[in-house]
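To start, the structure under review is shown below, and the notes come after it.
The values are calculated or read from the model by the stated rules, or taken from the named source; none is laboratory data. As the structure is a computational prediction, the values presented were derived from the model and not from experiment. Virtual Cβ from ideal backbone geometry, glycine too; neighbours counted across all protein chains shown.
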Amino acid sequence: MAQYGTFVVFAAVLVLVPGPDFAVVVRNTLAGGPRRGAWSAVGVTTSNAVQGAAAAAGLAALVVRIEPLFQTIRWLGIAYLAWLGAQALRSAVRGEYRAPSVGDTAPGQAIVGWRQGFLSNVTNPKVLAFYLAVLPQFLGPGAPVPVLLAYALTHAVLSLAYLLALVAGLDRVRVVLARRPVRRALDALTGCALLGFGARLAAERA
C-alpha cells in the first residue's frame, strides 16, 4: 500500500502539469460549454484507460517496437495538435462567438468533445512512454496484469477528476470568460499552446 500511495502522489503531480489534454479541455469548455468540456475530459480518460489496458496486456510495448507504426501514431498526434491550434487561432482572429447558452445545447457537442479529448491523448507518445517506463519503476518486472491495470486505471481516474474540476472552475467564471476580448485572448493562448506542444513533440526523438 505504501508503494501504491507513492504512485498515486507521483501520478497526481504528473496530472497537474499542463499539457495537450489540459489545452484541449480548456478549448472545448470555452467553445462549447461545460458539457462539451466534460465530455472532452471523458475522452481523455477513455484513451488513458485504453492505453493502460494495452500496456498491461503487452500490446503497447509491441506498438513501440514497430517503429513505422509508432512514428505514424506520433506524427498523427502532432498533426492533430497543429490542427486544433490552428482552429483556436482562427477563432481568435475572427472573434465570432455564440452566446454561452447556445453551445451547451447544440447537437453533437458531446461527441465533438469526446472525440477531441480521445484523439489528443491516444496520439500522444508520451502517454505510452508513461505506462511503459514509469509503471515498472513502481511495480518491478513480472507484475501481474491485474495489478498493472489497477495502477494504470488509477492514473486515468486522477486525470478525470482533475479535468472535471478544471471544467467546473471554468464554468464558474464563464460570464467573464465569455466576453469577446477575453475569449479572443484565451483562444490565442490556447492555440499557441497547442501548436507549441505539437512542435515540441515533433522536435523530440521518440
_Step by step: first the residues of the stretch 151-206, then only those that are among the charged types (D, E, K, R) and free of Cβ contacts under 8 Å to residues at least 40 places away in the same chain, then the one that is surrounded by the fewest Cβ atoms within 10 Å (Cβ to Cβ). Which residue is that?_
Arg205
*Only residues that are among the β-branched types (Val, Ile, Thr) and modelled with pLDDT under 80: list them for the stretch 183-206, please.*
none
*Go through Gly191, Gly196 for me and flag whichever is assigned to a helix (DSSP H, G or I) and within 18 Å of Asn121 (Cβ to Cβ).*
Gly196
*within 23 Å of Pro18 (Cβ to Cβ), hydrophobic (A, V, I, L, M, F, W, C) and either at pLDDT 80 or above or surrounded by 12 or more Cβ atoms within 10 Å (Cβ to Cβ) (or both), is that true of Val112?*
yes
